[in-house]
1. Would you point out which residue out of Thr261, Thr320 is part of a helix (DSSP H, G or I), hydroxyl-bearing (Ser, Thr, Tyr) and more than 34 Å from the chain's Cα centre (by Cα)?
2. Residues in region 206-226: is at least one assigned to a loop (DSSP other than H, G, I, E, B), at pLDDT 80 or above, in the same structural domain as Ala180 (by TED's automatic domain parsing) and not aliphatic (A, V, I, L, M)?
3. Quick one: how many residues across region 6-31 are in contact with a helix residue (DSSP H, G or I) (Cβ under 6 Å, 6 or more places away or on another chain) and without any contact (Cβ under 8 Å) to a residue 12 or more places away in the chain?
4. Identify all residues within region 286-300 that are surrounded by 15 or more Cβ atoms within 10 Å (Cβ to Cβ) and basic (Lys, Arg); write none if there are none.
5. Scan (1) surrounded by 14 or more Cβ atoms within 10 Å (Cβ to Cβ); (2) without any contact (Cβ under 8 Å) to a residue 60 or more places away in the chain for the single condition Val345 breaks and write down its number.
6. Are any residues in region 65-87 surrounded by fewer than 15 Cβ atoms within 10 Å (Cβ to Cβ) and not hydrophobic (A, V, I, L, M, F, W, C), and if so, which ones?
7. Would you please list the contacts, defined by Cβ atoms under 9 Å and residues six or more apart or on different chains, that run from a residue in region 181-210 that is within 23 Å of Leu235 (Cβ to Cβ) to a residue that is of a type in the set (Asp, Glu) and surrounded by fewer than 11 Cβ atoms within 10 Å (Cβ to Cβ)?
8. Give region 311-320 a look and list any residue that's crowded, with 18+ Cβ neighbours inside 10 Å and out of contact with any Gly (no Cβ under 7 Å at 6 or more places or on another chain), or say none.
Amino acid sequence: MAFGEEAGRPEWVALGGFFAEYLDVLDAEGVLDYAELVHRVRLLLTDVEIAATVTGEVGAVLVDDYAELDPAQVGLVAALAADAPVLAAADPDSVSSTFRGANPRAVADFDRFFGRPDAPVRRVELVAGHRYGPAIAGALAGVRARLPRPAGVGSVAPRVSGEAGGSVRVLTCAGEADQATAIANELRRARLDGGIEYGEMAVLVRSGRRQLGPIVRSLVAAGVPVEVAGDEIPLAQAPSVRPLLLALAITAEGSVQPDETVRLLTSPLASFDALGLRRLARQWRRVRTGVAPVTLADQLAEAVNDPGWLDRAEATPEVTRLRALLGVLAEARRRVEAGDPVDRVTWALWQGSEWPDQLRRES
């Protein structure tokens with residue numbers, strides 16, 4: 001923080017304050033994150049007596065996925081292996097943690113860190129591949145040949161020993177929405193035409209937090225069952241959380257925007273389908289006077305923001321469902337105006353709808 005103040009960089013000062021608070025919270029909870037654990041172990045090993053005790057008990061250091069290590073982790077391995085040999089396995093072509101700080105030169109600089117005049121580094125290339133057959137291996141080799149490589153890191157074309165089979169197709173999509181739709185279509189085709197169970201399929205993405213949300217929503221909309229590791233999707237993007245956050249935002253604003261209306265009405269808080277939305281808009285047009293907005297979203301937004309028309313509308317299932325939703329939003333609004341904390345307002349939205357009962361029935 002002091003360095004940021006000297007440099008006149010308020011964002012550095014803010015980052016330092018955030019990190020200090022983050023460490024205070026971890027200390028209060030008595031826990032360590034992985035990066036802090038590595039850092040503190042390295043600090044302990046700067047003590048001569050502690051380092052002698054620890055390294056005296058280390059016969060060898062074995063490292064898997066060495067190419068995924070960041071500089072701090074490489075430093076820890078070097079400290080632990082002061083008087084011990086290091087056996088490291090690495091595949092520079094399969095590094096996936098560069099966004100977390102993995103050193104792209106970790107493999108190329110291995111000799112500099114661990115080589116000694118009396119014990120030079122010995123490299124053994126494992127050239128047999130057991131993960132896939134020739135088709136997939138050929139596709140990967142074609143991609144690998146066009147990728148830039150760090151200096152000092154060669155490329156090894158593995159000799160495939162896996163069973164023949166498998167196929168690779170490349171689809172070009174205009175955008176993320178088209179990509180999500182294409183993925184859903186591929187999975188459904190594999191299920192219907194290939195007889196493959198959904199539980200035997202997987203979708204791999206480059207960035208879980210950025211890409212998973214749209215893909216999950218597309219798969220769910222297509223009727224494809226989805227199971228996602230909970231820590232792969234930010235809480236705010238979880239399918240069960242997004243409707244509540246949307247309802248909270250609408251409650252706080254006191255009105256709904258056209259682009260929010262369809263998402264709100266089709267969420268589990270109201271459970272309208274496309275036909276129900278059109279029926280609701282048709283009933284609203286029958287009751288109101290004047291020229292109706294052109295788009296369906298604008299019509300539905302007016303129907304939600306000005307609910308007086310419901311008193312003159314026929315008690316259809318759509319009208320009844322909208323009344324129930326507006327009642328839940330009104331109760332949440334009352335709690336907001338009373339100064340209730342966010343968790344109580346959220347609970348009112350959740351408990352006031354039929355969503356919990358629906359989930360219990362489906363379970």
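1. Working: Thr261 fails: more than 34 Å from the chain's Cα centre (by Cα).
Among Thr261, Thr320, only Thr320 is part of a helix (DSSP H, G or I), hydroxyl-bearing (Ser, Thr, Tyr) and more than 34 Å from the chain's Cα centre (by Cα).
2. Step one: filter region 206-226 for residues assigned to a loop (DSSP other than H, G, I, E, B), giving 206-207, 222-226.
Filter again for at pLDDT 80 or above, leaving 222-226.
Among the residues that remain, those that are also in the same structural domain as Ala180 (by TED's automatic domain parsing) are: 222-226.
Imposing the further condition that a residue be not aliphatic (A, V, I, L, M) reduces the set to 223, 225.
Yes, region 206-226 contains at least one residue that is assigned to a loop (DSSP other than H, G, I, E, B), at pLDDT 80 or above, in the same structural domain as Ala180 (by TED's automatic domain parsing) and not aliphatic (A, V, I, L, M).
3. Of the residues in that region, 1 qualify.
4. Arg288
5. Here Val345 meets the rest and fails (2).
6. Pro71, Asp83, Pro85
7. Short answer, once both residue conditions are applied: Gly208/Asp231.
8. At the first step, the residues of region 311-320 found to be crowded, with 18+ Cβ neighbours inside 10 Å are 313, 318-319.
Those that are crowded, with 18+ Cβ neighbours inside 10 Å and out of contact with any Gly (no Cβ under 7 Å at 6 or more places or on another chain): Ala313, Val319.
The values are calculated or read from the model by the stated rules, or taken from the named source; none is laboratory data. What you see is a predicted model, and the numbers here were worked out from it, not measured in a lab. Every residue, glycine among them, receives a Cβ derived from its backbone with ideal geometry; neighbour counts consider all protein chains shown.
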